[in-house]
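This report refers to the structure that appears directly beneath it.
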Amino acid sequence: MTGGTVLDTRALNRATLARQLLLDRSDLPPLDAVAHLGGMQAQEPQEPFLGLWSRLRAFDPGVLSDLLTRRRVVRTHLMRRTVHLVTAEDVLARRSRHDAMLRQRARAAYRRELEDVDLDELAAAGREVMADGEPRAMAELVRAVAHRWPDAPPRALGEMLVAALIPMAQLPPRGLWRTRAGVRNLPIAVWLGRDIDPPAPEGTDPVGAAMARGYLAAFGPAATADLRAWSGLAGLPAAVAAIRDELISFRDERGRVLWDLPDAPRPDADTPAPVRFLPAFDNAILGYDDRTRIIDDAHRGLSVAGARVVLVDGRVTATWTVERDGGAREDPGTVTVTPLRRLSPAEREEVLGEGRNLAAFLSEGAADRVRVATDPA
C-alpha cells in the first residue's frame, strides 16, 4: 500500500472523470456502461439517456429502450432507496443485500404513519395481491390491502411496499426514450423469470465485496464514507476490509484514507477535461460523501435539487435547461446554460459547441440551438 501519497482535488477530479467515462467518451455498449457505472440514477425517467449520451460515442437511445423492454436492464429502488437503472444481473445479485437498508429508510420516512403496522404482515399482504402476476400502480396495490390498515396513510403503505418490502421492477413504457408513462410495478422475480439471489451466509459478504470493487472501478479513489454515501449501506467498510489486500491506498488533502484498485486509471492532474453536460442527480456527483472533487461546497445544493449541470474543466460550472418551442416534450427547444462563474471566451465557445450537440441529440437532429447567459447566476 502507498498510504502516504496525497492526491489533491484536481488529481481526484481527473480520476473520477476517467472512471465515469467523462474524460473520453467510451465505445462500451450501453449495457456494459450501465454495469460499469454500477447503475444510473433514474427517478427522472429520461435522465439515464442524457447520462449515457455524455459518456458514450454514437449513443443510440433506442438501444437503451430496447434493453428495458428486453429485460436486460431494470428500473428499481436500490441504492439510497432511490430509483436506479441497473442491469438485470446486478439487481438479482444485489437486491437481498439492500433489503435491510431499504426497509430502514422507508420506515424512518414514515415512522409515525406506520407505527401500528406490522411490516411482515404488510409484505405478506402485498405479495398475495401481486401473486397473480398482474402489473399494478402503487395506488392499485394499496387499495387492495388498505382495508387491513384503515388508519395508515395510503402513501406510506404504498412507499413501504413498492420501495422496500417487495422487490419491484418499474415496467416499460416507463423509462423509454421520449415516452411519458406512469409507474406500473411487478415483482422483479416475475419480470425477470428468476428468483433474487438469497442473502449470503452470516459472517460473509461476497455481494458487498463485489460492490466495493465495482464502486472503486467507477468512482475511486474513494473513502469508505464515499462508498456508503453512494450505496446507502452501512456495512461496507467491513467489505472493504475483507478485500484490503487487493487494494492500494492514498490520502486526500483532508487526510482521509482513499482506497483504490491498483490498475485503475489515475490520469495526470493536468489532463485536459472536455465540457460535459450531466443529467439531474448524476452519480458522478451524488456518488460521494465528499463531493469537492467535482463540485464546490457553495454549489452542493444543486446536486440534490435536481439541477442539470455543466462540467467545465471537470467541475460543475453551470446549470442547463431546455426551453421548448411548444408545449410538448418532443418539441425542439433551446438548450439554455446559466454559468455559476464568468466563463472565458474559450470556455464559452466549448460550452456552445457541446450544447449544440446536446440540442441536436434531444431533438433528434431537428434543432441545435443553444444560449449561454452572459452573467453568472
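Under the criterion of Cα pairs below 8 Å and six or more residues apart, the relative contact order for the chain equals 19 percent. A simple spin-label model places the labels of ARG194 and ASP325 4.6 nm from each other, with each point 7 Å out along Cα-to-Cβ. Sort region 1-147 into rounded, prolate or oblate with this rule: let a ≥ b ≥ c be the square roots of the eigenvalues of the Cα gyration tensor; rounded if a/c is under 1.5, and if a/c is not under 1.5, prolate when a/b is larger than b/c, oblate otherwise. Oblate.
Applying the Karplus relation 6.51 cos²θ - 1.76 cosθ + 1.60 with θ = phi - 60° to region 21-30 yields 3J(HN,Hα) values of 6, 10, 7, 9, 4, 9, 8, 4, x, x Hz, where x marks Gly and Pro. Backbone geometry of region 92-101 corresponds, through the Karplus equation with coefficients 6.51, -1.76 and 1.60 at θ = phi - 60°, to 3J(HN,Hα) couplings of 5, 6, 9, 4, 4, 5, 9, 4, 4, 4 Hz, x marking Gly and Pro. Per-residue extension of 0.36 nm, minus the Cα-Cα distance of ARG112 and THR271, leaves a gain of 52.1 nm for this segment.
Mean residue ellipticity, 222 nm, helices only, the chain: the sum of -39500 (n - 2.57) across DSSP H runs of n ≥ 4, divided by residue count and rounded to 500, is -11000 deg cm²/dmol.
Between GLU350, GLU128, GLU202, the GNM of the chain built on Cα springs shorter than 10 angstrom shows GLU202 fluctuating the most.
Based on the reciprocal of the average 1/r between different C-alpha atoms, the Kirkwood radius for region 295-372 equals 13.1 Å. Between GLU121 and ALA241, full extension at 0.36 nm per residue minus the direct alpha carbon distance yields a gain of 39.5 nm. In a DSSP loop and with at most 13 other Cβ atoms within 10 Å, the trypsin sites (Lys or Arg not before Pro) in region 185-285 are ARG194, ARG254. Multiplying the residue separation of ALA144 and THR374 by 0.36 nm and removing their Cα-Cα distance gives an extension gain of 77.3 nm. Please give the helix 9-19 orientation as an angle from the longest Cα principal axis of the chain, in degrees from 0 to 90, rounded to the nearest 10. For 9-19 against the chain, the angle is about 60 degrees. Taking the inverse of the mean reciprocal distance over all distinct Cα pairs, the Kirkwood hydrodynamic radius of the chain comes to 21.9 Å.
Taking amide hydrogens as placed 1.01 Å from N in the peptide plane, the amide H of GLU113 sits under 5 Å from that of no residue at least 5 positions away in sequence or on another chain.
Applied to region 359-370, the Karplus parametrisation 6.51 cos²θ - 1.76 cosθ + 1.60 on θ = phi - 60° returns per-residue 3J(HN,Hα) values of 4, 5, 5, 5, 9, 6, x, 7, 7, 9, 7, 9 Hz, with x for Gly and Pro.
None of the figures in this text is laboratory data; all of them are computed from the coordinates on show. Being a predicted model, the structure only gives us computed values, none of them experimental. We place every Cβ from the backbone using ideal geometry, glycine too, and count neighbours over all the protein chains shown.
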